[in-house]
Every structure is written in C-alpha cells, then in structure tokens.
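Down below is the structure, laid out as structure tokens.
The values are calculated or read from the model by the stated rules, or taken from the named source; none is laboratory data. What you see is a predicted model; the values in this text were computed from it and never measured. Virtual Cβ from ideal backbone geometry, glycine too; neighbours counted across all protein chains shown.
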Amino acid sequence: MKKINYKSFPDKEGHFAKFGGKYVSETLMYPLNELYKAYIKIAKSTSFKKELLGELKNYVGRPTPIYHASRISKELGSCNVYLKREDLNHTGAHKINNAMGQAMLAKAMGKTRIIAETGAGQHGVATATACARYNLKCVVYMGSDDIQRQKVNVYRMKLLGAEVIAVDSGSKTLKDALNEALRDWVTNVDDTHYIIGSVAGPHPYPMIVRDFQSIIGRESKQQMKKINKKAHILVACVGGGSNAIGLFHPYLEDDVEIIGVEAGGYGLNTGKHAAPLNKGKPGILHGNRTYIMEDENGQIKSTHSISAGLDYPGVGPEHSWLKDNKRVKYVTVTDKEALNAFYYLTEKEGIIPALETAHALAYAFKLAKTRSKKNILINLSGRGDKDIDTIASLQGMKV
Ligand SMILES: *Cc1c(COP(=O)(O)O)cnc(C)c1O
C-alpha cells in the first residue's frame, strides 16, 4: 500500500482527494470561511485545548473507560473484545464531545445564538445541554415526523431551554432539518453559529467534527497501551460517520485493521437500507461530494434503518475517501442482526447499547468467531435508553 499522510487531509479547500469540498451558494461561502479562520486560530490554541479538556473531564466525564468484555469474549472464541465506553458520557453518547467543542468555539467567536439539526434528537439534546452550560440561545431544527417519533428527546430539549422548530418539507426527517438549519444560518450569521452533528456538510465541518471526536481514538490508544495490549481490529458503526472517524483517525497510519459498519436495514437487495458506501455512488449532498443514495433521476432516495441515528442517505466525505483508497473496509449489518447483538450484549455483559452501536457489535461478534487471538476494539457509541420504546414495541409491549 502506498504511504498516505492521513493527518494532512483535508486540504485547505476541504478535499479528501475527490471527496468533500464546499458545494454551497455564494452566501454560505462567507460564514464557512469565517468559521475556518476562527477554528484554526482559536481551537488550535493551547489555552482552548486545555479548557476543552477540563470540560470534557469534569462535565462530560472523560476519559471513558475501555472495558474488556470477558464473558462474551470467551463464548465467541479466542479473540478478546474491548469496548470503548462512549455510552458513559454525559447525555449518553459520543455526540457531546463535538457539541461541547463547537459551543466553546462559538462562545469564543462572540456568537450568542446556536442552531442545530437533529434526527432522533440525540444531537439536539447534546447541543441543548452545551448551550445551557454556556448560556447560549439554542434553536433545534427537526423533521415533523421525527418530532412525532421522538417525543421524549423533544421534551428534554425544551427542558434544557431550547426552541424546537418543526420542519415540514421533503421527507420531514433529518436531511430536511439540515437544509433548514443551513438556511437559518445564512440569514443570521452575525450572531449565530451552526453546530452540525456529524462529519457531514461543507468544509470545514467534516474536519472540525472529526478533530473534536478524535479524542475517542487518542484516549483508546493510551488506555490500551496502559494495559499492555494492542488493538488488532477496530470496529464502529457509520451513520454520518462521526463516532467511527473519532476512533479511526488517530489509528489510520498504524498497523491495524479498520472496519466501518453501515445500516443494512431489511437487506441490501431490498433497497430499504442506509448504506451509501456499499450501495450508493458519488454525488453531492449537503454541500460536499461523497457517496450518496440517489435514484436514476438524481433524487435522494428514502432510507431505512431500525436505528434513527444511522438513517441518513449520505456519509462523511472522509469515509468515502477511506473506502476508495481501501484503508477502511465498510460492511453492512441488517436490522435483525443488530437486534440480536443488542440482546446479546445486554444479557451477557449487562450493558444496554444504542441500536446504532448494535450494528458495530453484530459485525464484531461475527468476526470474533472466525478470527484467532485478535484484540477487537469496538466503539460503544451510545447507550440504549432512548431505544427502549422501540425494543418494547417489537416485543409487543408498551413501557
Ligand atoms: C448519532 C449516533 C450515531 C450515528 O452518528 P455518527 O455520526 O455516524 O457517529 C451512532 N451512535 C449513536 C449512539 C448515536 O447517537
């Protein structure tokens, strides 16, 4: 394999080879350039980094542990399964790492108002939380269908002081909420910062979100070293791809196998899935060039996954690049397989994972049965509390 200096990407214009970039209207160019300049100047400074690290420690609860899942390791064969416990973060997932970093950056830039998009509501809750912490006004855009499906998270955001705006256009879900948030940003850029929730969107967002999430991989490396172990295989689920790139990025130049798991839904050949890297093709979505799911007429296709957090027709541009240069392997797991892994981890280790995470678990468990004596490190991106209603209704129950 030809040597790539992964840390030098993206370039100044946000390109990961032919992916990424800034495919936006002229009016959006200005705030994106401002953000890029502010990010380089402020977020790269020693004082900012130190302050953020303090917040992540004392408010978010980092470092999150690495847990050796010994019971399932034994049952699956000769591999050792390790879990990076992002589920133990404040608000229950990795999303807070990014929300805190960007809220602090916004504050330092003198912004007083934050906007965000959300699908299942996890990023909305993380953003509303950070805004309460930093005394920032918070507006969250959410598809009206998602508002119906995720009532508890909508209520949590309101308790935290956020205004939740229903988006009625398009499919009334995440991609429409993202469009609406970008529109708000253009008109209110003087006092407003837009906190995007994954490594998607136009440059510099994929880079900023990746950098804030990379603490997952950096911590993991140190922690594995401390227990005298080396990860041979990394596994994470991929929606937009932020928890995955957060784990992967610090390891890209190391001798380690890396696997991203997309949502296979009802199965790849049914068309009802959310697996652009496996079944999509390059195109433009939300201001960047990446693998997307679109039909013959260039319309974005509707997606399906049991987990709302993976239910997105695009993926971060860095993942598209890592797929094409073969550094990372991208696979899929169906709803049913994810569900089985959800029950398995819950019953054998006493950890209830998010349904998104269960996709990574399902693939890693399969792998553990076929490989010999490998250390498999899985990013346990979030806890399953938010999914209890879904699980219960699948069992014909109501909680
Ligand atoms: C939102 C979410 C995801 C998917 O988002 P990525 O940007 O792909 O990480 C995965 N797991 C959990 C728990 C989430 O809340």
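Tabulated values for the structure
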| read-out | value |
| --- | --- |
| Yes/no for Thr187 being over 18 Å from Ser320 (Cα atoms), without any contact (Cβ under 8 Å) to a residue 60 or more places away in the chain and either within 16 Å of the ligand (Cβ to nearest atom) or not assigned by TED's automatic domain parsing to the domain that holds Ile306 (or both) | yes |
| When residues of the range 288-304 are limited to those that are within 18 Å of the chain's Cα centre (by Cα) and modelled with pLDDT under 95, the one farthest from the ligand (Cβ to nearest atom) | His304 |
| Odd one out for Thr192 among (1) touching a Ser or Thr at 6+ places or on another chain (Cβ under 9 Å); (2) more than 13 Å from the ligand (Cβ to nearest atom); (3) among the hydroxyl-bearing types (Ser, Thr, Tyr); (4) under 22 Å from Phe16 (Cβ atoms) | (4) |
| Members of the range 12-43 found to be out of contact with any strand residue (DSSP E or B) (no Cβ under 6 Å at 6 or more places or on another chain) and closer than 20 Å to Val328 by Cβ, listed by number | His15, Phe16, Ala17, Lys18 |
| Options Ala181, Ala126, Ala177: the member that is within 19 Å of Tyr30 (Cα to Cα) and small (Gly, Ala, Ser) | Ala181 |
| Single residue of the range 283-308 satisfying the filter (in contact with a Ser or Thr (Cβ under 8 Å, 6 or more places away or on another chain) and free of Cβ contacts under 8 Å to residues at least 24 places away in the same chain) that is surrounded by the most Cβ atoms within 10 Å (Cβ to Cβ) | Met293 |
| Every pair of residues 6+ apart whose Cβ atoms lie under 6 Å, when the first sits in the range 135-150 and is in contact (Cβ under 8 Å) with a residue 12 or more places away in the chain while the second is surrounded by fewer than 24 Cβ atoms within 10 Å (Cβ to Cβ) and in a helix (DSSP H, G or I) | Tyr141/Glu180; Gly143/Asp176; Ile147/Val154 |
